[in-house]
1. Applying the selection to segment 172-200, what residues are touching a helix residue (DSSP H, G or I) at 6+ places or on another chain (Cβ under 7 Å) and either closer than 14 Å to PHE241 by Cβ or not assigned by TED's automatic domain parsing to the domain that holds THR220 (or both)?
2. Restricting to segment 190-203, and then to whatever is in contact with a strand residue (DSSP E or B) (Cβ under 9 Å, 6 or more places away or on another chain) and not β-branched (Val, Ile, Thr), can you tell me which residue is farthest from THR220 (Cα to Cα)?
3. Considering only segment 18-40, state which residues are exposed (fewer than 14 other Cβ atoms within 10 Å of the Cβ) and outside any loop (DSSP other than H, G, I, E, B).
4. Has segment 283-292 got any residue that is farther than 23 Å from THR125 by Cα, more than 19 Å from the chain's Cα centre (by Cα) and either assigned to a strand (DSSP E or B) or touching a residue at least 60 places away in the same chain (Cβ under 8 Å) (or both)?
5. Looking at ARG311, is it under 30 Å from VAL141 (Cβ atoms), among the basic types (Lys, Arg) and either in contact with a Phe, Trp or Tyr (Cβ under 6 Å, 6 or more places away or on another chain) or part of a loop (DSSP other than H, G, I, E, B) (or both)?
6. Restricting attention to segment 237-268, report how many residues are at pLDDT 95 or above, of a type in the set (D, E, K, R) and under 22 Å from MET167 (Cβ atoms).
7. Scan segment 27-55 for residues that are modelled with pLDDT under 80 and in contact with a Ser or Thr (Cβ under 6 Å, 6 or more places away or on another chain) and jot them down.
8. Consider ARG236 against the criteria (1) touching a residue at least 12 places away in the same chain (Cβ under 8 Å); (2) within 20 Å of THR285 (Cα to Cα); (3) part of a helix (DSSP H, G or I): it satisfies all of them except one. Which criterion is unmet?
Amino acid sequence: MAVTLKDVAERAGVSRSAVSRTYTEGASVSKQTRRKVEKAADELGYSPNALASSLTTGRTKLIGLVSNNFHNPIFLEVFDLFTKGLQDRGLRPLLVNLSDEVDPENSVRMLRAYSVDAVIVASSTLPESFAEGFRAAGVPVVHSFGRHVASPKVNVLGINNIEAGRMAAQTLAARGYQQVAFLGGPKSATSTQDRHHGFADEIARTPNIEMIASYAEDYTFEAGRAEMLRVLEGPRAEAYFCGDDVLSIGALSAIQSAGLSVPHDIGLLGLNDMEMAGWENINLTTIHNPIKQIIASSVELVAAMLKDSDRHPEARLFACHVVERGTLRPVKSLP
């Protein structure tokens with residue numbers, strides 16, 4: 001039989017309410033009573049029932065973790081960091097797979113049924129309106145990796161994808177490439193739109209460089225490989241900024257299958273700096289996305305919102321930088 005709160009109370013010689021207060025965050029209980037209860041609980045092997053506790057406190061400590069990028073291997077790292085970060089604060093993640101869903105209504109309904117205390121939308125592709133749907137339903141929300149805006153309606157944390165696109169263009173220009181291309185993810189993704197915007201705008205400002213653009217169906221290896229194979233059937237660019245590392249790795253595979261080499265025949269630049277990008281057989285030059293810092297800040301912000309639900313929404317912006325590896329030729333020397 002499972003050890004109950006009543007068993008602990010009898011062993012400690014205190015009331016059941018004293019045991020309950022001992023395990024209720026913020027409740028008043030003397031140090032002497034706490035020591036008695038914890039000693040009795042340890043002797044009996046008692047663990048407080050989290051669901052029962054939520055009926056008393058009105059807090060489940062459940063945090064909805066919502067994403068639509070399950071096919072991208074970088075999200076293995078994202079989910080690992082989020083779940084550890086939440087659990088370290090005594091919070092419990094509830095993972096939600098959106099698949100192709102872009103309307104928040106179903107997710108809001110489901111997560112409210114589970115009485116989550118807050119929601120983290122972990123996606124660089126969903127529009128701002130998705131996270132705003134939770135706020136409208138009265139659920140505290142953080143949009144991690146979301147589209148940067150100056151005056152957000154919900155908490156948004158991530159990089160400025162337009163500036164990341166500019167950085168990519170400057171990186172290719174510094175190496176003397178004159179025919180460049182943007183190979184993005186789905187056109188509907190906000191990250192694709194913004195990275196293309198920044199890249200195209202910077203290329204337009206740079207003399208003697210021509211640009212083309214194409215799009216993969218998804219942020220996956222298979223989609224990146226398929227799109228690069230299609231591109232290689234016609235005139236090719238000297239270098240490609242692939243709007244995501246996993247697209248870049250797919251493109252690398254296609255280039256090698258076509259009997260070409262990187263960076264001798266074609267240069268590649270990714271974005272995210274996922275762990276796989278640094279593998280010796282890939283060695284991808286990429287733009288570092290500070291994922292660990294974004295996630296740590298997201299978890300900290302969720303914890304702060306649970307203490308103060310009236311916090312004003314804020315946008316937290318994180319800086320990127322280029323990670324030099326082996327898929328672009330060296331920076332062109334000045335004459």
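1. VAL180, PHE182, LEU183, GLY184, GLY185, SER191, ASP194, ARG195, HIS196, HIS197, GLY198, PHE199
2. As a first pass, look at segment 190-203 and keep what is in contact with a strand residue (DSSP E or B) (Cβ under 9 Å, 6 or more places away or on another chain): 191-193, 195-196, 199-200, 203.
Filter again for not β-branched (Val, Ile, Thr), leaving 191, 193, 195-196, 199-200.
Numbers: SER191: 14, GLN193: 17, ARG195: 17, HIS196: 18, PHE199: 21, ALA200: 23 Å.
Among them, the one singled out is ALA200.
3. Looking only at segment 18-40, we keep the residues that are exposed (fewer than 14 other Cβ atoms within 10 Å of the Cβ), and these are 25-28, 30-32, 35, 39.
Selection gives LYS31, GLN32, ARG35, LYS39.
4. In the first step, residues of segment 283-292 are kept if they are farther than 23 Å from THR125 by Cα; the result is 283.
Now drop any that are not more than 19 Å from the chain's Cα centre (by Cα), which leaves 283.
Keeping just the survivors that are either assigned to a strand (DSSP E or B) or touching a residue at least 60 places away in the same chain (Cβ under 8 Å) (or both) gives none.
Among the residues of segment 283-292, not one is farther than 23 Å from THR125 by Cα, more than 19 Å from the chain's Cα centre (by Cα) and either assigned to a strand (DSSP E or B) or touching a residue at least 60 places away in the same chain (Cβ under 8 Å) (or both), which makes the answer no.
5. Taking the combined requirement at face value, the residue satisfies it.
6. 2
7. Taking segment 27-55 and keeping what is modelled with pLDDT under 80, we get 27, 46-55.
SER54 - this is the single residue of segment 27-55 that is modelled with pLDDT under 80 and in contact with a Ser or Thr (Cβ under 6 Å, 6 or more places away or on another chain).
8. (3)
The values are calculated or read from the model by the stated rules, or taken from the named source; none is laboratory data. Just so it is clear, the structure is predicted and the values come from calculations on it, not from any experiment. Don't worry about glycine lacking a Cβ; one is built from the backbone with ideal geometry, like all the others, and counts go over all protein chains shown.
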